[in-house]
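The structure under discussion appears below in the form of structure tokens.
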Amino acid sequence: MADRLSARAAIEAATSAFTELHAPERETAPEGPLGWEGYAASRARARERTGEQESVIYGEAEVEGRACVVLSFEFGFLGGSLGERTGDRLEAAYRAARERRLPLVSLIATGGSRMQEGMVALTQLQRVARQSTLLRSAGLPQIAVLRDPTTGGGWATLGAGADVVLALPGAQVGFAGSRVRPADADPAAYAAEGQLAAGAVDAVVPVGELRGVLGRWLGLLSGGTPDGPAPAEVPCALGGAGLPGTGWEAVSQARASSRPRAAAYLDAYFDFRLGVSGDRCGGVDPGMLCGFGERGGRTVAYAAQAGTATRPAGYRTAARLLRLADRLGVPVLTLVDTPGAANDAAAERAGQGAAIADCFAAVAGVGVPVTTLVIGEGGSGGALALASPGRTWVTPSSYFSVIAPELAAAILKRGVGAVRTTADQLGVRPQDLIRLGVARGLTSPTPPLP
């Protein structure tokens, strides 16, 4: 079990300055809306034990020089449960973030809705969902930090509904709390690390590193320009390869194990970067690198294929990244490098077609500029889903094809010996792509203007 920080200890770990704000307290019946016998005494004991008046405190804070609104749960106050007055405070925190045009950071530790208030407590989740939607519509980011435990409606609204989800090591995280799970349930599924593996959490961050990580995230997510960001610069070509003479040479250069991959391009392009992970639907694709980075003082979002067959979780993660960048006014860089979309039975069962369609729709639908560089293999629609129409560049060691030459030859009922000829006929070389209007130009060690 992870260490359980109090609400104020969590704020101290996460921020460098904090000024508490106070919402007007509503008048309520001593025993609550249900007249629950002993409820007033329970609350009095919770106040005496914790020094808090409710299960949430909130205020304006500074994190590594970045202003934000922070709310923090006190688990010692009736298990950090959500009641009507908790809802008032949560609503006030969201309202303060909107009015001040600041990001919201939620430091969550809750067991769920307060049973002593029945359905009145449960409906606070609707209030939270509404406030989260309003903040999202205002173009302001939300970051959740999952402490121990984060369960029930607090996880299903404040936690899982945030733009970036961080968790403390060993924290219990799950919709089902420890007392209501099936007896034979795998405990790893309800831990921060398990949720990271399942694509529901972006990173697990030790307490000692939390403030620094939050500061970098706040800087990146607040770095957009809603009135129209300039396109991301095209990265320099890496590796020093020359233009291929034939289609098969283009394919061979793109498939070479020595060719620089996405991680090398991202490291060379950004001053620093932070990744988002997972599709929020139970999947993670290590072959799709997504996140935000800083380049020359401004934020650029990225979605980069890492040379493997892209899985449904990869396309869904990229689509999530694109839509978040669009909402925050951040330009996007995509790097294309895949032999194609994964076509095994597991990928089909996971909704490969729908995932690719959603990625196409995300690229087509965002209002921020998307810049694409093909750095290796451009295998069919699985690669095109990440490419920007009209803003795609190619490197000398890349190719793009309607289908892999081997598969094209098989479909055309040609022998193995015809694969190289087929590659030439498909027009897959970088120079062919420029001539056909598929690519805007060739990048080099000195990149073209955006």
Which of the residues belonging to segment 105-145 are in a helix (DSSP H, G or I), farther than 14 Å from Leu82 by Cα and of a type in the set (Gly, Ala, Ser)? Ser132, Ser137
If you check Leu210 against the conditions, is it surrounded by 23 or more Cβ atoms within 10 Å (Cβ to Cβ), under 21 Å from Ile11 (Cα atoms) and not charged (D, E, K, R)? no
Of (1) crowded, with 21+ Cβ neighbours inside 10 Å; (2) over 30 Å from Arg181 (Cα atoms), Val105 fails just (2)
First in segment 261-286 and assigned by TED's automatic domain parsing to the domain that holds Ala325 and under 17 Å from Cys236 (Cα atoms), second anywhere and among the acidic types (Asp, Glu) and part of a loop (DSSP other than H, G, I, E, B), Cβ under 9 Å, 6 or more apart: Tyr269/Glu233
If we keep just the residues of segment 167-193 that are under 22 Å from Pro286 (Cα atoms) and surrounded by fewer than 18 Cβ atoms within 10 Å (Cβ to Cβ), which is modelled with the lowest pLDDT? Ala188
Output yes when any residue across segment 11-24 is in contact with a Phe, Trp or Tyr (Cβ under 7 Å, 6 or more places away or on another chain) and β-branched (Val, Ile, Thr), and no when none is. yes
For segment 416-444, what are the residues that are surrounded by fewer than 22 Cβ atoms within 10 Å (Cβ to Cβ) and under 30 Å from the mean Cα position of the chain (by Cα)? Val438, Arg440
Any residue at all in segment 318-336 that is farther than 23 Å from Gly224 by Cα and in contact with a helix residue (DSSP H, G or I) (Cβ under 8 Å, 6 or more places away or on another chain)? yes
Reported set for segment 362-415 where residues are in a loop (DSSP other than H, G, I, E, B), within 25 Å of the chain's Cα centre (by Cα) and not charged (D, E, K, R) is Val366, Gly367, Val368, Pro369, Ala385, Leu386, Ala387, Ser388, Pro389
Given the options Thr392, Thr371, name the one that is in contact with a strand residue (DSSP E or B) (Cβ under 6 Å, 6 or more places away or on another chain), touching a residue at least 24 places away in the same chain (Cβ under 8 Å), of a type outside the set (Asp, Glu) and buried (at least 24 other Cβ atoms within 10 Å of the Cβ). Thr392
Regarding Asp227, is this residue in a loop (DSSP other than H, G, I, E, B), at pLDDT 95 or above and either outside the structural domain of Thr310 (by TED's automatic domain parsing) or buried (at least 17 other Cβ atoms within 10 Å of the Cβ) (or both)? no
Residues of segment 438-450 classified as at pLDDT 95 or above and either farther than 18 Å from Asp337 by Cα or in a helix (DSSP H, G or I) (or both), total: 0
Can you give me the ranges of the strands (runs of 3 or more DSSP E) entirely in segment 9-92 with at least 3 residues that are touching a strand residue (DSSP E or B) at 6+ places or on another chain (Cβ under 6 Å), assigned by TED's automatic domain parsing to the domain that holds Thr133 and closer than 20 Å to Leu158 by Cα? 56-63, 66-73
Filtering segment 93-112 for residues that are touching a strand residue (DSSP E or B) at 6+ places or on another chain (Cβ under 6 Å) and more than 18 Å from Pro149 (Cα to Cα) leaves a count of 6
Restricting segment 278-292 to residues that are touching a helix residue (DSSP H, G or I) at 6+ places or on another chain (Cβ under 7 Å) and under 17 Å from Leu335 (Cα atoms), the one surrounded by the fewest Cβ atoms within 10 Å (Cβ to Cβ) turns out to be Gly287
On the given criteria, is Ala303 assigned to a strand (DSSP E or B) and either surrounded by fewer than 23 Cβ atoms within 10 Å (Cβ to Cβ) or in contact with a strand residue (DSSP E or B) (Cβ under 7 Å, 6 or more places away or on another chain) (or both)? yes
Answer yes or no: is there a residue in segment 306-318 that is among the hydroxyl-bearing types (Ser, Thr, Tyr) and part of a loop (DSSP other than H, G, I, E, B). yes
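The values are calculated or read from the model by the stated rules, or taken from the named source; none is laboratory data. This structure is a prediction, so every number in the text was calculated from the model and none was measured. Glycine also receives a Cβ, built like all others from the backbone with ideal geometry; neighbour counts cover every protein chain displayed.
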